[in-house]
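Worksheet: one structure, shown below.
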Amino acid sequence: HTDDPQALTALFNNWLSGFIQATLSEIFTIMQTRFAPLKLAKARLRIKLLKATWGSCRMPGPLITLNAALIHSPVACIEYVIAHELAHIRHFNHGQAFYALLAAMCPDWQTQKKLLKTEYSSAIRKS
């Protein structure tokens, strides 16, 4: 127990960071399992605050980076972002095959993308 506001803030921020890491990592693991039949290269996950995007996929690696601000959005939106980045392991572009795979793995992706843009885009600007 402490009365020091800075110590309390640091304690809370540490807890929050751990919560975000655990939550997004768990959803990422679930989504990787959904993609398992495709036998994609196993991706590493990095979570951090990003200024302009919800996620990215870097090859080779692959390394998927998720925006920690996703924690403010519904699970379905997080699943869409992860599915989008995992689809890039197979199709490193936004071509027709990429969108066909995304639709197969996340049928409501367009709804989730729109929701992120209309309801949660301010989370990126604040981060």
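Quick notes on this structure:
- Of all residues in region 79-96, those that are farther than 15 Å from THR29 by Cα and in contact (Cβ under 8 Å) with a residue 40 or more places away in the chain have Cβ atoms under 9 Å from Cβ atoms of residues that are part of a helix (DSSP H, G or I) and open to solvent by less than 40 Å² (accessible area, probe 1.4 Å), 6 or more apart or on another chain, in ILE89/PHE35; ARG90/PHE35; ARG90/PHE98; ARG90/LEU101.
- For region 111-124, the count of residues that are among the β-branched types (Val, Ile, Thr) and over 15 Å from the mean Cα position of the chain (by Cα) is at least one.
- Residue match in region 58-69 (condition: without any contact (Cβ under 8 Å) to a residue 12 or more places away in the chain and of a type in the set (Lys, Arg)): yes
- Subset of region 87-127 [in contact with a His (Cβ under 8 Å, 6 or more places away or on another chain) and over 27 Å from LYS42 (Cβ atoms)]: TYR120, ALA123
- Taking (1) at pLDDT 95 or above; (2) among the polar types (S, T, N, Q); (3) over 15 Å from the mean Cα position of the chain (by Cα) in turn, GLN21 satisfies each apart from (3).
- Any hit, region 34-42, residues being in a strand (DSSP E or B) and in contact (Cβ under 8 Å) with a residue 12 or more places away in the chain: no
- Residue that is surrounded by the most Cβ atoms within 10 Å (Cβ to Cβ), among those in region 43-57 that are among the small types (Gly, Ala, Ser) and either closer than 21 Å to TYR120 by Cα or without any contact (Cβ under 8 Å) to a residue 40 or more places away in the chain (or both): GLY55
- Region 43-63, residues that are charged (D, E, K, R) and either part of a strand (DSSP E or B) or in contact with a helix residue (DSSP H, G or I) (Cβ under 6 Å, 6 or more places away or on another chain) (or both): ARG44, ARG46, LYS48, ARG58
- Of the helices (runs of 4 or more DSSP H) lying entirely inside region 77-127, those containing at least 2 residues that are open to solvent by less than 60 Å² (accessible area, probe 1.4 Å) and farther than 13 Å from TRP54 by Cβ span 96-105.
The values are calculated or read from the model by the stated rules, or taken from the named source; none is laboratory data. Note that the structure is predicted; figures quoted are calculated from it, not measured. For neighbour counting, all protein chains shown are included, and Cβ atoms are generated from backbone atoms with ideal geometry for every residue, glycine included. What goes into the accessible areas is simple: the full protein's heavy atoms, side chains included, and nothing from ligands, DNA or RNA. Shrake-Rupley method; radii C 1.70, N 1.55, O 1.52, S 1.80 Å.
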